[in-house]
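Contents: one structure, followed by commentary.
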Amino acid sequence: MNYFVVGPNNLKLRTTTHNLRLTFTQKIFVEETNDPSFHMNIFNLRPFDQLTNQHDVDETELLDIVGQVVTYEDIKTYKQGDDESVFINVVLEDDQRNRILGTLWSELVDQIQHHLNESIDEPLIVVFQHMKAQKFRGNYSVCSCWY
């Protein structure tokens, strides 16, 4: 998705209870789909502070997050037995300056790498879908789970 703006969801009438909303710009192209296999409620957005404050976190639920990539690490390789996977850690920041660590695995590394290299002069806003909340040393992070 290109050409959208993430902003506070503080309108009088809100289509979601989330504190952020997506606003499309004039350049966006939207096409209707009639595919019955396409789920129409595609985002389960969670505010960062719900995870960082450890409030009502269900580690079995897949969630979606929106944030700006503020830093990232080099790609690393994880080997378990004969299996080998690559991953990258990125730190995301929301509109309230809350930060959360996100770990992307396998093909998601390839998908984000291009955007990380291209967005040197501009902020990179990402939407991560189907992430799993996980607790490590008392803090929550999110991790892609389809690897």
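The values are calculated or read from the model by the stated rules, or taken from the named source; none is laboratory data. On a predicted model such as this, the values are computed, not experimentally measured, just so you know. Cβ placement follows ideal geometry from the backbone for every residue including glycine, while neighbour counts extend to all protein chains displayed.
Okay, here's what the table says:
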{"quantity": "Count of the range 69-92 residues which are assigned to a strand (DSSP E or B) and surrounded by 10 or more Cβ atoms within 10 Å (Cβ to Cβ)", "calculated": "14"}
{"quantity": "Residue within the range 50-68 that is surrounded by fewer than 10 Cβ atoms within 10 Å (Cβ to Cβ), assigned to a loop (DSSP other than H, G, I, E, B) and at pLDDT 95 or above present", "calculated": "no"}
{"quantity": "The range 93-128: number of residues that are at pLDDT 90 or above, small (Gly, Ala, Ser) and not in a strand (DSSP E or B)", "calculated": "1"}
{"quantity": "Unmet criterion (only one of (1) of a type outside the set (A, V, I, L, M, F, W, C); (2) in a loop (DSSP other than H, G, I, E, B); (3) touching a strand residue (DSSP E or B) at 6+ places or on another chain (Cβ under 7 Å)) for GLU32", "calculated": "(3)"}
{"quantity": "Positions within the range 103-147 being crowded, with 18+ Cβ neighbours inside 10 Å and touching a Cys at 6+ places or on another chain (Cβ under 7 Å), in sequence order", "calculated": "THR103, MET131"}
{"quantity": "Those residues of the range 89-142 which are farther than 23 Å from THR52 by Cα, touching a Phe, Trp or Tyr at 6+ places or on another chain (Cβ under 9 Å) and of a type in the set (A, V, I, L, M, F, W, C), in sequence order", "calculated": "LEU108, VAL109, ILE112, LEU116"}
{"quantity": "Checking GLN80 against (1) touching a strand residue (DSSP E or B) at 6+ places or on another chain (Cβ under 6 Å); (2) more than 15 Å from ALA133 (Cβ to Cβ); (3) free of Cβ contacts under 8 Å to residues at least 60 places away in the same chain; (4) not charged (D, E, K, R), the condition it does not meet", "calculated": "(1)"}
{"quantity": "Residues of the range 108-135 classified as touching a strand residue (DSSP E or B) at 6+ places or on another chain (Cβ under 9 Å) and not hydrophobic (A, V, I, L, M, F, W, C), total", "calculated": "11"}
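Residue-by-condition table, conditions (1) farther than 17 Å from VAL5 by Cα; (2) of a type in the set (A, V, I, L, M, F, W, C):
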{"position": "ASN44", "(1), (2)": "yes, no"}
{"position": "PHE48", "(1), (2)": "yes, yes"}
{"position": "LEU51", "(1), (2)": "yes, yes"}
{"position": "LEU63", "(1), (2)": "yes, yes"}
{"position": "ASP82", "(1), (2)": "yes, no"}
{"position": "ASP94", "(1), (2)": "no, no"}
{"position": "ILE100", "(1), (2)": "yes, yes"}
{"position": "TRP105", "(1), (2)": "yes, yes"}
{"position": "GLU122", "(1), (2)": "no, no"}
